[in-house]
1. With all protein chains present, calculate the accessible area of L125 using a 1.4 Å probe and round the result to the nearest 10 Å².
2. By how many degrees, between 0 and 90 and to the nearest 10, does the Cα long axis of helix 47-58 differ from the longest principal axis of the chain?
3. Expressed as a rounded percentage, what relative contact order does the stretch 1-123 have, with Cα pairs under 8 Å and six or more residues apart?
4. What full-extension length gain, to one decimal in nm, is calculated for Q112 and R82 as 0.36 nm per residue of separation minus the Cα-Cα distance?
5. Is there a quick way to get the dipole size of the chain? I mean about its Cα centre, with the Cβ of Lys and Arg at +1 and of Asp and Glu at -1; what is the value in debye to the nearest 20?
6. Considering only Cα-Cα distances, which of the following residue pairs are longer than 22 Å: K8/K132; K86/K114; K8/K114?
7. Give me the dipole magnitude in Debye, nearest 20, for the stretch 87-139 about the Cα centre, with unit charges on the beta carbon: positive for Lys and Arg, negative for Asp and Glu.
8. Suppose all protein chains stay in the model; what accessible area per residue would a 1.4 Å probe give for the chain, in Å²?
Amino acid sequence: MSVQETNKQLCREYFQAFLARDTGWMARHIAPEFVRHDPGLPFEVRGPKGVAQLHDALLPAFPDMELPLLDFVAEGDKVLVRLKVKGTHTGAFGDMAATGKRIDIDVLDLFQFKDGVLVEHWALLDNLGMLKQLGALPQ
């Protein structure tokens, strides 16, 4: 298997581990110096513990979260993943009380690997669309 195919598989596993809060997988495959660049987050995501913290911030708000993976593009040590975030807002999300509304938003995630370990992640989510779907902003 090529490095690019291996890295694509690690991306698939990352999303499975994220949903399951598999801290063992995270400790093995996410570098301690890992950083997620995400302008929509009110906190910094660093290392495996930061990814677990992100899980703990999102999954209580959207416990039925699904992450359908749509496309993968790999070149060198990077993989771009196009996916959806789907779920029902049944718990507090930051300062927003549960609305019971469903979200279905587009995401682009760019991952960088070094020696088979995730070292950096750039996340672009349709946060505006999500806020509209939750009723926090007018359609």
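1. Taking all protein chains as shown, L125 has close to 60 Å².
2. Between the helix axis and the principal axis of the chain, the angle is about 20 degrees.
3. Working: 231 pairs, mean separation 32.8, N = 123.
Computed value for the stretch 1-123: 27 percent relative contact order.
4. Values: separation 30, 0.36 × 30 = 10.80 nm, distance 1.48 nm.
Taking 0.36 nm per residue and subtracting the Cα distance, the gain is 9.3 nm.
5. Values: 15 positive and 19 negative charges, 49 e Å.
The calculated dipole for the chain is roughly 240 debye.
6. Numbers: K8/K132 32 Å; K86/K114 30 Å; K8/K114 13 Å.
Check vs 22 Å cut-off fails for K8/K132; K86/K114.
7. Details: 4 positive and 7 negative charges, 51 e Å.
Value, rounded to 20: 240 debye.
8. Values: 7400 Å² over 139 residues.
Value for the chain: 53 Å² per residue.
The values are calculated or read from the model by the stated rules, or taken from the named source; none is laboratory data. Bear in mind the structure is a predicted one, so any value in this text is a computation, not a measurement. Note that we place each Cβ from the backbone using ideal geometry, even for glycine, and neighbour counts take in every protein chain shown. Areas reflect the complete protein model, heavy atoms only, side chains present, ligands, DNA and RNA absent. Shrake-Rupley method; radii C 1.70, N 1.55, O 1.52, S 1.80 Å.
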